[in-house]
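Only one structure is covered here, and it is reproduced in the block below.
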Amino acid sequence: MPAFECAEILPCTPDAAWAAVVDFPGRKIHGACYRRAELPDGNALSPGHRIELQIGRDRFTSIVTGAQKPASLSHRAAGPGFWVEFTYRLRQCRDGDAGYTSDDLGCAHLTVQAEYGGWLGSIIAKLRPRACRHYVAEEMSAIVSAAESVPAEPVADA
């Protein structure tokens, strides 16, 4: 199945990054393409929970297929002839990560992947890979923006 992926170091801890990943209602604030994002089954995401999304003119109900706080989350939206599954993987960044500097010690490394399937999903991924990459980049951008808006912890005087 065709998959598109991007990875980035976020300026916060993995726990704070997890909060940004699961804050789908916050996507309206941080993501330019989101018109609506709701969690009708509550904020504690687990398999089977619904995520109601409106991206541009398109409305989707995505179902959480896996959730392991604070390491990974996946959800799948499906329609006639297609499905797309988004997977978010979080871990503490390492010095081998692209763009790593010593300032990133203790920060989160996030990978966002979108996999397209079904006959229509495969055609979309083959004929419009740029649009598919754009969706993944927009998703990453919304999460990074949310992570950057997390208030910094005060530094204790020694």
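With charges only on Cβ, +1 for K and R and -1 for D and E, what is the dipole size of the chain about its Cα centre, in debye, rounded to 20? Kindly include the intermediate steps, with their values, before the conclusion.
Numbers: 16 positive and 19 negative charges, 190 e Å.
Dipole about the Cα centre, nearest 20: 920 debye.
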Practice task
Convert each backbone phi in the range 109-122 into a coupling constant with the Karplus relation 6.51 cos²θ - 1.76 cosθ + 1.60 (shift: θ = phi - 60°), then list the ³J(HN,Hα) values in order as whole Hz, x for Gly and Pro.
Solution key: 10, 10, 10, 10, 10, 10, 10, 10, x, x, 5, 6, x, 5
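With a 10 Å Cβ neighbour count serving as the proxy for reagent exposure, in which order, fewest first, do S62, S145 appear? Provide the component values of the computation, followed by the final result.
Numbers: S62 21, S145 16.
Sorted ascending by nearby Cβ count, the order is S145, S62.
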Handout entry: Column: log10 I(q)/I(0), Debye, Cα scatterers of the chain, q = 0.10, 0.12, 0.16 Å⁻¹
Key = -0.36, -0.52, -0.90
Problem - the range 105-119 versus the range 1-16: alpha-carbon centroid distance in Å - result: 5
Problem - Relative contact order [Cα under 8 Å, 6+ residues apart], the range 1-99, whole percent - result: 19
Exercise for the section: Would you mind listing how long the range 92-133 runs along its three principal axes, going by Cα atoms, in whole Å with the largest first? Expected result: 44, 16, 13
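Values quoted throughout were computed directly from the atomic coordinates according to the rules given, and no laboratory measurement underlies them. Since the model is a prediction, treat every value here as computed from it, not as a measurement. Don't worry about glycine lacking a Cβ; one is built from the backbone with ideal geometry, like all the others, and counts go over all protein chains shown.
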